[in-house]
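Below is one structure; the comments refer to it alone.
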Amino acid sequence: MPYVRVDGVRLYYEEAGSGAPLVFVHEFAGDLRSWEPQLRFFARRYRCIAFNARGYPPSDVPAAVSKFSQDIHVDDIAGVLDALEIRKAHIVGCSMGGYAAIHFALRYARRAFSVTAIGAGFGSDPDKREQFLADTEAQAQRFDKLGMPKAVQDYKVGPSRVQYLTRDPRGFAEFAAQFEAHSARGSANTLRGVQAKRPTVYELERGLRACKVPMLVVSGDEDDNCLEPGIFIKRVCMSANLLVVPATGHAVNLEEPDFFNRALLDFLTAVDTGAWRARDPRSLGKSTLSNKG
């Protein structure tokens, strides 16, 4: 099995294809297998790399929560690049991985050709912040007490997951089986160390306003916890494009893989060929009708 070692932790990875590096960072409920529809498509044009985050076997599962944080998650992406001797890459992340991709653009801008964030921003709603933190700890306790299969029964069919279940029952069954096989300790530590302690999207405003890395933000229009944060990113970040996918929930890359792959390919092609442009500041004029006044 191929591993890289980052800060003493082994991270399992897989790669396919050749060309410009394209790194995929998975969501909390997934692992590198969540990117299979993308690996098969983009490996025809890119050197695709997907890895399991710490806490997700066969990557190591550190016992201490202190070994898990948003900063560590982002540094692990950089560590994978270092270990594979990659200076710069396109970074694509979903949910927890989307958060990490955005942070990567803010902290490692010179190492990113572009970043794509799917379903990023969960837990950012100020009106629901306390509930999010309480729900996160309650779920971590379920992992501690019940183990994976029993602990994920409600989580896997949450409000932004049922779209996948109804649209693609076979694909959802595969996703659920993979989720149930994760490490309970790794999942609990990830919730407590990463999810519960990371800043909200709104707290990143200053960095997002200064960000110049080409960014594609993707949200399903029924992913209520991430749609508003995605719109916020678009409004404050001049380098961000926003793609909202109709009748879709959280994991757009799995729910609508063909649509997502084509949209991502268009974005990457624009960046690779120099055709990508940041938002024209004239679109931010105060007048609703002209750039005068």
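The values are calculated or read from the model by the stated rules, or taken from the named source; none is laboratory data. Since this is a predicted model, take the numbers as computed values, not measurements. We place every Cβ from the backbone using ideal geometry, glycine too, and count neighbours over all the protein chains shown.
For region 79-91, the set of residues classified as under 15 Å from Arg5 (Cα atoms), in contact with a helix residue (DSSP H, G or I) (Cβ under 7 Å, 6 or more places away or on another chain) and either among the charged types (D, E, K, R) or surrounded by fewer than 17 Cβ atoms within 10 Å (Cβ to Cβ) (or both) is empty. Being over 18 Å from Asn253 (Cβ atoms) and surrounded by 15 or more Cβ atoms within 10 Å (Cβ to Cβ) is the filter here; which residues of region 161-184 pass it? Once the filter is applied, which keeps residues that are over 18 Å from Asn253 (Cβ atoms) and surrounded by 15 or more Cβ atoms within 10 Å (Cβ to Cβ), region 161-184 yields Glu180, His182, Ser183, Ala184.
If you filter region 78-124 down to residues that are touching a Ser or Thr at 6+ places or on another chain (Cβ under 6 Å) and not hydroxyl-bearing (Ser, Thr, Tyr), you find that the one that is nearest to Glu137 (Cα to Cα) is Gly119. Filtering Pro257, Pro229 for residues that are under 14 Å from the mean Cα position of the chain (by Cα) and either of a type in the set (S, T, N, Q) or modelled with pLDDT of 95 or more (or both) leaves a single hit, Pro229.
Residues in region 143-160 that are crowded, with 16+ Cβ neighbours inside 10 Å and either modelled with pLDDT of 95 or more or part of a helix (DSSP H, G or I) (or both): Phe143, Met148, Ala151, Tyr155, Lys156.
Each residue in region 1-14 was checked for being closer than 22 Å to Ala181 by Cβ and within 20 Å of the chain's Cα centre (by Cα), and 4 pass. Taken across region 92-108, residues that are out of contact with any Gly (no Cβ under 7 Å at 6 or more places or on another chain), surrounded by fewer than 22 Cβ atoms within 10 Å (Cβ to Cβ) and not aromatic (Phe, Trp, Tyr) do occur, with at least one present. Candidates in region 25-39 are the residues that are over 14 Å from the mean Cα position of the chain (by Cα) and either surrounded by 20 or more Cβ atoms within 10 Å (Cβ to Cβ) or free of Cβ contacts under 8 Å to residues at least 12 places away in the same chain (or both); of these, the one that is nearest to Val252 (Cα to Cα) is Glu36.
I'd like to verify a number: residues in region 101-158 that are farther than 30 Å from Arg47 by Cα and not aliphatic (A, V, I, L, M), how many?
Taking region 101-158 first, the residues farther than 30 Å from Arg47 by Cα are 123-158.
From what is left, the residues that are not aliphatic (A, V, I, L, M) are 123-132, 135-137, 139, 141-145, 147, 149-150, 153-156, 158.
Residues that pass the stated criteria total 27.
When residues in region 184-231 are screened for being basic (Lys, Arg) and not in a helix (DSSP H, G or I), 3 of them pass.
Regarding Leu22, is this residue surrounded by 21 or more Cβ atoms within 10 Å (Cβ to Cβ) and in contact with a Ser or Thr (Cβ under 7 Å, 6 or more places away or on another chain)? Please lay out each step first, then the result.
Values: surrounded by 21 or more Cβ atoms within 10 Å (Cβ to Cβ): yes; in contact with a Ser or Thr (Cβ under 7 Å, 6 or more places away or on another chain): no.
Judged against the criteria, Leu22 is not a match.
From the list Phe267, Phe259, Phe232, the one residue that fits, being surrounded by 12 or more Cβ atoms within 10 Å (Cβ to Cβ) and without any contact (Cβ under 8 Å) to a residue 24 or more places away in the chain, is Phe259. Just wondering, is there one or more residues in region 117-130 that are surrounded by 21 or more Cβ atoms within 10 Å (Cβ to Cβ) and in a helix (DSSP H, G or I)? Checked region 117-130: no residue is surrounded by 21 or more Cβ atoms within 10 Å (Cβ to Cβ) and in a helix (DSSP H, G or I).
No other residue among Arg185, Arg167 is within 26 Å of Arg33 (Cα to Cα), modelled with pLDDT under 95 and touching a helix residue (DSSP H, G or I) at 6+ places or on another chain (Cβ under 8 Å) apart from Arg167. If you filter region 240-255 down to residues that are without any contact (Cβ under 8 Å) to a residue 60 or more places away in the chain and not aliphatic (A, V, I, L, M), you find that the one that is surrounded by the most Cβ atoms within 10 Å (Cβ to Cβ) is Asn241.
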